[in-house]
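Just below is one structure, and these are the notes that go with it.
What follows draws every value from the coordinates through simple rules; no lab data is involved. Note that the structure is a prediction, hence the values are computed from the model and not measured. A quick note on method: Cβ atoms are made from the backbone with ideal geometry, for glycine too, and the neighbour counts reach across all protein chains shown.
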Amino acid sequence: MRTKSLLGNIKQQLIFQSSSVVYRDNLQKEYLARESADMDEHSSNWLQASSFGETLKRLIQFKKSQHPQVSLAYLCKRASINSRGYLSDVMKGRRRLNPSYIDALIDALGLEAFEGDYLKLKLTREFSKNAEERQRIDQQIEEIRKLIDIHFSLMPIEFVDSHFICKVLTAFGLFKNQPSYRQLYHQFENKRKKVDSALAILKKKGFIEERGTHLIIKNTTCFFMESENGFSHINFIKEALNHSKESVSHWFEKSDLARFNSFILSVKKEEYQQYISHLRQQVIKDLSRLETKDGDMLIDFHLQVYPSQRVYSDDLNT
């Protein structure tokens, strides 16, 4: 089960699915800033299309719902495509898009990096004649689709001890999203009362429901807001880091299962900012590849990179 946070006036995002936790910020700002109702209606529609042409058609419809100026004429002009009929035929599956147009078309549509990568892979697959290569491309497509496909629900302010509650919810993925109470009690060992408390909140807020002797996922997504109506993502991070302090001693020597590092470096500000941008995207891609629907363990993944000083050196020199 994956959880993503809406980025409107929010700067950070949380994702967790099956058995992994990932932090994101500002990766899909324009994409995520749209109204959640519109997102629920349109955003996943184009991700369900099988062919490149149908994907492009639905994506254009989605973009047009957000930006009325988007049209075939607009896109052809921006992407230097000479014929609207040609692009229409591509959308109808009558012709294949010349790969030389794909970058310009992605730019014309204003796609984020992941969206653009997804569209490129769909096109590449249509030109591939090798079954093994198509299988590899399908795997990459699925990895990116999981990052883009978004539905929303508010993370309630009652989520005190949110790190443990999120961990309980994520643990559903270890049991094909329908664990029994007994399985969850066993997963969290001697924390039965905490598990019961977490499940009570999750049921009250509509994330899960009982079905016979098992619990079933109802809502796969939640997000944090910096407001009186939602639990702060910063508070969640603080809880997670406090938990990690308790875990360092236990896991530090187990290098096959855990990794702890700490460095202090002197860097160029511009290069550092470029690295942060790269790191955000790379971490999400790596963890998306790592997570699985049939996991057998949970992991905690915490990443901290920040300036050692609250004031930059160039600000001190002015």
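In nm, to one decimal, how far is the Arg289 label point from the Lys245 one, both placed 7 Å along Cα→Cβ?
Here the answer is 3.5 nm between the modelled labels.
How large is ³J(HN,Hα) for each residue in segment 250-260, as worked out from phi by the Karplus curve 6.51 cos²θ - 1.76 cosθ + 1.60 (θ = phi - 60°), to whole Hz, x for Gly and Pro?
Here the 3J(HN,Hα) series is 6, 9, 4, 7, 8, 5, 7, 10, 9, 9, 10 Hz.
How large is Rg over Rh for segment 45-148, taking Rg from the Cα atoms and Rh as the Kirkwood inverse mean of 1/r across Cα pairs? Don't jump to the answer; show the numbers that get you there.
Numbers: Rg = 13.1 Å, Rh = 13.9 Å.
Ratio of gyration radius to Kirkwood radius for segment 45-148: 0.95.
Calculated FRET efficiency, Asp256 and Ser51, Cβ-Cβ r, R0 51 Å, to nearest 0.05? Don't jump to the answer; show the numbers that get you there.
Values: r = 43 Å, r/R0 = 0.85.
The calculated FRET efficiency here is 0.75.
Which trypsin sites (Lys or Arg not before Pro) from segment 248-290 combine a DSSP loop assignment with at most 15 other Cβ atoms within 10 Å? Don't skip to the end; give the middle numbers.
Working: sites: Lys254, Arg259, Lys268, Lys269, Arg280, Lys285, Arg289; in loops: Lys254, Arg259, Lys268.
Those satisfying the criteria are Lys254, Arg259, Lys268.
Which far-off residues, 5 or more places away or on another chain, put their amide H under 5 Å from the one on Asn45, with H placed in the peptide plane?
Here the answer is none, since no amide H 5 or more places off falls under 5 Å of that of Asn45.
Normalising by the residue count of segment 45-148, find the relative contact order in percent from Cα pairs under 8 Å and 6+ residues apart. Walk me through the intermediate numbers first.
Working: 94 pairs, mean separation 26.5, N = 104.
Answer for segment 45-148 is 25 percent.
Arg310 versus Lys176, label points 7 Å from Cα toward the beta carbon: distance in nm?
That separation, rounded to one decimal, is 5.3 nm.
Once you place label points 7 Å from the Cα toward the Cβ at Lys269 and Lys92, how far apart are they in nm?
5.6 nm
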